[in-house]
Amino acid sequence: MSKLAAIVGRPNVGKSTLFNRLTQTRSAIVDPTAGTTRDRQYGKVDWCGQEFSIVDTGGWVVNSDDIFEDEINKQVHVAIEEADVILFVVDASNGVTDLDDHVAQILRRSKKPVILVANKTDLGDARFNVAEFYSLGLGDPVDISAASGSGTGDLLDLIVKDLPEDDGADEHEEHIPRFAIVGRPNAGKSSIINAFIGEDRHIVTDIAGTTRDSIYHRYNKFGFDFYLVDTAGIRKKTKVNEDIEYYSVIRSIRAIENSDVCILLIDATRGIESQDANIFSLIQRNKKGLVVCVNKWDIAEDKSLEAQKRFEAAIRERFAPFTDFPIIFGSALTKQRIYKVIETAAEVYQNRNRVIPTSQLNTYMLEVISVTPPPSNKGKFVKIKYVTMLKDSVIPTFVFFCNLPQWVKEPYRRFLENKIREKWDFHGTPISIFMREK
């Protein structure tokens, strides 16, 4: 079951710093200038064995106070609608501001769990201002310093406590694959979904998913049987003036986390954009199978074979180092190669669940390792003695047992992964390589 937390608040209160701290990354740009965050950042957090996604809001251009207020409204409304837990970040060094009051009024009317986060309590006497935030009517403020990490452990405890529990509702027919159509706005997601299920709808059943906003369309024709994870148009948004880009990101998180294989749509008329790369990285972080579909190929300016090869090379270069995934050029409108998309997604799902016998794995891989052993490091030689594939893992996972696992670096892990892919078909699915001491 997908779990999602969203960070909201006025500009320059430390939202991006908190995001970096919780995700243990530096992916969000941090600068004292208000409005620095232009792209939506999202990542994974693992705390005490519980994993959830987190989204950092931002992206408004600073021109006037009116634009501040308008853009904050958009972010807060989308967070209320989509997130399971909302982190409302305020600046303890400045105390309560009018914008804080405005956001608090919206959050008080929502039925979502809200955690009031008083940041920058390490600056001067800021910790003495924390009591002011009780006036917002959102419960006890959690005083932290995102910059130093002080108090973030207590904050994570509260987030995990407020996240929905796994109720096992997704256990129905787990063996049936779940494919998600994802992509940036106007890439053709609705068109391809209609192309899949628009005809003979009597053999398509809508089954409510495990999350508030996902629906599984059961597709069982032409010899296929899978769920199509569809999050579009489920919730009423008549009163929500949402930001399209932020909304697409937060929806993509839901769809990707509830799927086995993701079909990433790229608009052939617009090329590869940053949002495509962002969604690809989200698929990678969630370790899902991948099929790239270049949509609208029927109206591309250059439809020659050479242009197709250039486009494919550009996609693989942009998404490197993971390049072992299928790319299909088609059109949802004319249904060109739509059947091929389904067929390929089914093959990727089979590859994702492929199991290699231990005897075959050792016979091949130990010979490869004997020819190209791990490079020595400071006079120490790594000897890999045994390899096995874990069963019941989310993705194909291989464990290599050796004497000095800490000396096996990332380049050699990639070498082993490439050799595995050369021998066995894991096209479209990520692979995990672990080193353990024998």
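The values are calculated or read from the model by the stated rules, or taken from the named source; none is laboratory data. If you're wondering where the values come from, they're calculated on a predicted model, not measured in any experiment. Every residue, glycine among them, receives a Cβ derived from its backbone with ideal geometry; neighbour counts consider all protein chains shown. Note: areas computed on protein heavy atoms with side chains; ligands, DNA, RNA excluded. Shrake-Rupley method; radii C 1.70, N 1.55, O 1.52, S 1.80 Å.
Annotations
- In the context of the full set of protein chains, residues of region 359-408 present 57 Å² of accessible surface per residue (probe radius 1.4 Å, heavy atoms only).
- Convex hull per residue volume in Å³, alpha carbons only, for region 258-324: 88
- Using the Cβ-Cβ distance between Ala147 and Glu343 with R0 set to 35 Å, the FRET efficiency works out to roughly 0.10.
- Interatomic Cα distance distribution for region 308-396, bins of 10 angstrom, percent: 13, 24, 30, 22, 8, 2, 0
- Binned Cα-Cα distance frequencies in region 248-399 - 10 Å width, integer %: 9, 30, 29, 19, 11, 2, 0
- Share, in percent, of DSSP beta bridges within region 290-427 that are antiparallel, nearest 5: 70
- Cross-link pairs Lys221/Lys303; Lys112/Lys161; Lys288/Lys340 - those with Cα-Cα distance over 24 Å: Lys221/Lys303
- Fully extended contour minus Cα-Cα distance, from Leu158 to Tyr386, at 0.36 nm per residue: 77.8 nm
- Efficiency of FRET between Arg109 and Glu165 - r from beta-carbon atoms, R0 30 angstrom, step 0.05: 0.75
- Using a Förster distance of 51 Å, the FRET efficiency for Glu422-Ser190 (Cβ separation, nearest 0.05): 0.85
- Pairwise label distance in nanometres, Ala320 with Lys303, each label 7 Å out on the Cα-Cβ vector: 3.1
- Amide N proximity, region 395-435 versus Asp46 label position 7 Å along Cα-to-Cβ, cut-off under 14 Å: 395, 432-435
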